[in-house]
Amino acid sequence: MNFPTFLTLLRILVIPLLVAIYYLPWESKYLICAFLFGAAALTDWLDGYLARRWNQMTPFGAFLDPVADKLMVAVALGVLIEAHAGWMMTFPALVIIGREMVISALREWMAEVGKSASVAVSWLGKLKTTFQMISIFLLLLGPPGHLFSWLGLGLLYLAALLTLWSMYLYLKAAIPHLLPSKDDQS
């Protein structure tokens, strides 16, 4: 196992720790959880950078990295949905989680038909991920109703809009490969 893959695995191992700490009756739990999430988000960037820089890209790492990202985001959003217990948090969180499921399935299907380049990660996807990570970090930084929570919620809505926009672009690129052509129908 190389170091970039180790960082990805470490990111997955942080997830249950973050959840456990979030539910502890400590006053500093918000700061600790935000730090854990922020550090994990930074390793998301770092492991990819190091894998490319050190020429240590592996099929296992390429598989595991997006899994770790989606697990980290989905679990953190799940904890936040429960903590905030309202539609204002639930709506953008479910948009983000739903989009990840749709695009993951789309990417898998497109890879099976040899058209994975049509749904490669775009600059918009990277921008969406950046807003997502910052918003979750801010939401974890304080209890519901705290100033950081309101800022995080605002950014989460922006991330949800970018999520829908990027999903539209991915689906638009994939539609010609999803629907049968007129030649296939004859």
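Against the condition on the phi < 0 side of the Ramachandran plot, in contact with a Lys or Arg (Cβ under 8 Å, 6 or more places away or on another chain) and either among the hydrophobic types (A, V, I, L, M, F, W, C) or assigned to a helix (DSSP H, G or I) (or both), how does residue 133 come out, does it pass? No: the conditions fail for residue 133.
The set of residues in region 146-165 that are in contact with a helix residue (DSSP H, G or I) (Cβ under 6 Å, 6 or more places away or on another chain) and open to solvent by less than 40 Å² (accessible area, probe 1.4 Å) comprises 149, 152, 156, 159, 160, 162, 163.
Name the single residue that is nearest to residue 166 (Cα to Cα) among those in region 131-145 being surrounded by fewer than 16 Cβ atoms within 10 Å (Cβ to Cβ) and touching a residue at least 40 places away in the same chain (Cβ under 8 Å).
Going through the qualifying residues, I end up with 144.
So is residue 21 touching a Cys at 6+ places or on another chain (Cβ under 6 Å) and β-branched (Val, Ile, Thr) or not? In short, yes. Of all residues in region 63-109, exactly one satisfies the criterion of being open to solvent by less than 40 Å² (accessible area, probe 1.4 Å) and among the basic types (Lys, Arg), namely 99. Scanning region 117-128 for residues being open to solvent by less than 60 Å² (accessible area, probe 1.4 Å) and either more than 11 Å from residue 159 (Cβ to Cβ) or modelled with pLDDT under 90 (or both) gives a total of 6. All conditions but one from (1) of a type outside the set (A, V, I, L, M, F, W, C); (2) touching a helix residue (DSSP H, G or I) at 6+ places or on another chain (Cβ under 6 Å); (3) at pLDDT 95 or above apply to residue 99; the one that does not is (3). Can you tell me which residues in region 15-54 are open to solvent by 30 Å² or more (accessible area, probe 1.4 Å), closer than 17 Å to residue 74 by Cα and β-branched (Val, Ile, Thr)? Answer for region 15-54, where residues must be open to solvent by 30 Å² or more (accessible area, probe 1.4 Å), closer than 17 Å to residue 74 by Cα and β-branched (Val, Ile, Thr): just 19. Any residue at all in region 13-29 that's touching a helix residue (DSSP H, G or I) at 6+ places or on another chain (Cβ under 7 Å), closer than 24 Å to residue 156 by Cα and of a type in the set (Phe, Trp, Tyr)? Scanning region 13-29, I find at least one residue that is touching a helix residue (DSSP H, G or I) at 6+ places or on another chain (Cβ under 7 Å), closer than 24 Å to residue 156 by Cα and of a type in the set (Phe, Trp, Tyr), so the answer is yes. If you check 45, 87, 26 for being free of Cβ contacts under 8 Å to residues at least 12 places away in the same chain and under 18 Å from residue 131 (Cβ atoms), only one passes: 45.
The values are calculated or read from the model by the stated rules, or taken from the named source; none is laboratory data. Remember, it's a predicted structure, so these values are computed and weren't measured experimentally. Neighbour counts run over all protein chains shown; Cβ positions are idealised from the backbone, glycine included. Each accessible area value is taken on the protein alone, full model and side chains, heavy atoms only, with ligands, DNA and RNA left out. Shrake-Rupley method; radii C 1.70, N 1.55, O 1.52, S 1.80 Å.
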